[in-house]
1. Could you pull out the pairs from LYS106/LYS331; LYS69/LYS257; LYS200/LYS257; LYS157/LYS292 whose alpha carbons sit more than 22 Å apart here?
2. Please calculate the 1.4 Å probe accessible area of LEU310, with all protein chains present, and give it to the nearest 10 Å².
3. Got a number for carbon plus sulfur as a percent of region 148-207's accessible area, 1.4 Å probe?
4. Put LEU102, LEU309 in order of accessible area, largest first, 1.4 Å probe: what do you get?
5. Run through the DSSP bridge list for region 161-267 and note the antiparallel percent, rounded to the nearest 5.
6. Where does the charge balance sit around LEU44 when Lys and Arg score +1, Asp and Glu -1, over other residues with C-beta under 9 Å from its C-beta?
7. Take GLU205, GLU315 and sort them by solvent-accessible surface of the protein heavy atoms, 1.4 Å probe, largest at the top.
8. Stokes-Einstein at 25 °C, 0.890 mPa s, Kirkwood radius from Cα pairs: D for region 128-237 in µm² s⁻¹?
Amino acid sequence: MNDGPAQSGKVLQHFPGRIIDLKAQPSIPIPSEFLIETGNFCNLRCPFCPTGVGRAGMELGLMSLDAFKTVLTKIEPYAYYLEMMNWGEPFINRCFVEMVALAAGKGIRTNVDSNLSAREFTEDEAERIVRSGLWRIRGSIDGATQESYAHYRRRGKFDRALRNLALLRRVREQLESSTPIIEWQFLINARNYQEIEMAKAMAVERGVDLSFKLMDTWGEDDWRSPFHEMAERGEFNETEWSFSLPRSGTDQFFTPKQRTAQADTFMPELPAGVPSGCAQPFNRMVINWNGKVLPCCMCYGDNFYVGDLLTQSIEEVWYGPELSKSRRFLKHYGPQQQTRSVCETGACALSSKYLGEPDDDVERRNRSVRIFRATAQGKPAAGSGDQSSA
C-alpha cells in the first residue's frame with residue numbers, strides 16, 4: 001500500500017530537511033535531501049556510536065566509485081542537499097573527494113562531518129578538497145585539549161584534527177574560494193565544558209567557524225554538563241552558540257542548482273506521553289555504502305533495509321511497500337500497530353532512547369569505558385581481553 005493523505009495531528013518534530021504536509025499531498029514527493037554513507041569504517045572508538053563500540057548487525061564496507069555513480073544518477077533529478085557521512089569516517093574511503101566532486105558538479109550542496117583525525121592532510125589533498133566543490137565540512141572536535149577531547153573521541157588525535165581544519169582554511173583562502181564552509185563542531189559534555197572559552201579563542205586564531213551543541217548522553221548522567229541542565233530550564237539555545245567568521249572569495253568551485261521541491265509541514269498524530277518521533281522517512285532518503293536504503297540515519301543493522309538503489313529505481317524504493325509501512329507506523333508513533341514495518345519491529349536508536357538499549361550494547365559500551373579508564377591509569381582492566389580493539 002502506497003502513502004496517501006494523512007489525518008491531522010500534532011507536529012512531530014522539525015527535522016532539518018523537507019517537511020511534508022500529508023493532508024495536502026496525494027502522495028509524498030520524492031525528497032530533495034539525501035544521505036549517502038560512503039563507508040562505515042572508523043578510526044575512532046566513540047562510546048555512544050554503534051561503530052565505535054563494535055556493535056554487530058551491519059556489514060562493514062566502502063562504497064565503490066561505480067556504485068556512487070549509479071546512486072547519484074538516480075537521485076540527481078531530485079537532490080538539492082546531500083549529507084555524505086553517517087556511521088563511518090568519510091575520508092577513509094579514498095574515492096571520497098572524487099565522489100564529492102561528482103555530486104557538486106551536479107549543483108548539489110554537499111556536507112560532510114569528519115573527525116579529521118584519520119590521517120594528516122597534505123597541501124595537495126587539501127587543495128583537492130577545496131576544488132571538489134564541497135559546500136561545507138564540519139570537524140567533530142569535542143574539546144580544546146587532547147585530554148578532554150579523547151574522553152569521547154577515543155583514539156583521536158586532537159592536534160592533527162586542528163591542523164587539518166586550519167590547513168583547509170588556509171588553502172581555501174589561497175584559492176580565493178568562499179567554499180567550503182569550514183566549521184569546528186564542539187559537542188558539550190561533562191568532560192569538556194570548562195574549555196568552551198579556550199575553544200573560542202583557538203577557533204578565532206585559526207580563522208574557522210565554531211558551533212557548540214549539547215552531546216546527546218542517552219541517559220548516561222555522568223556525561224551531562226551544567227549546560228544540559230540549563231537547556232532543560234530553557235536557558236541554553238544552541239542557535240546562539242554558533243560563531244561565524246567573515247569569508248572572502250567567490251563560489252568559483254561550486255554553483256548550486258535551484259531548489260525545485262516545495263517545503264511543507266509534516267503533521268502526524270502522536271499519542272499522549274510520546275515526546276517525539278522520527279520524520280526522516282517522510283523527508284529524506286538514507287543510502288548505505290552498499291546502495292541499500294534505510295528509513296533514517298539512526299537505523300543501524302542490515303535488518304532495517306527497505307530497498308536497494310543499485311537494483312531498483314528511486315520511485316520503486318520511495319513509494320515501495322517497506323517505506324510505506326514505516327510511514328504508516330510513524331504517523332501514529334507510540335502504540336503497537338502491527339504494521340510489520342522495520343520501524344516498528346526493529347530496535348532503532350529512537351526506540352532505544354525511550355524503551356532502553358539491547359543489553360549487549362549496554363555491556364559493550366560499559367566494557368569500552370572500563371578498558372579506557374584502566375588504560376588511562378596504566379593498569380589492566382578486568383575482563384578486558386585485547387585492549388587494542390576496545
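1. Working: LYS106/LYS331 34 Å; LYS69/LYS257 19 Å; LYS200/LYS257 34 Å; LYS157/LYS292 32 Å.
The pairs that break the limit, which is 22 Å between Cα atoms, are LYS106/LYS331; LYS200/LYS257; LYS157/LYS292.
2. Solvent-accessible area, nearest 10 Å²: 70 Å².
3. Details: 1100 of 2320 Å².
The computed percentage sits at 47.
4. From most exposed to least exposed: LEU102, LEU309.
5. Details: 2 of 9 bridges.
Roughly 20 percent of the beta bridges in region 161-267 run antiparallel, per DSSP.
6. On the way: positive: ARG45, ARG153, ARG154, ARG155; negative: GLU89.
Taking every other residue near LEU44 into account, the sum is +3.
7. Values: GLU205 140, GLU315 75 Å².
The residues order as GLU205, GLU315, largest area first.
8. Details: Rh = 14.8 Å.
Roughly 165 µm²/s, to the nearest whole number.
The values are calculated or read from the model by the stated rules, or taken from the named source; none is laboratory data. All of these numbers come straight from a predicted model, not from anything done at the bench. Every residue, glycine among them, receives a Cβ derived from its backbone with ideal geometry; neighbour counts consider all protein chains shown. Ligands, DNA and RNA are excluded from the accessible area calculation, which covers all protein heavy atoms including side chains. Shrake-Rupley method; radii C 1.70, N 1.55, O 1.52, S 1.80 Å.
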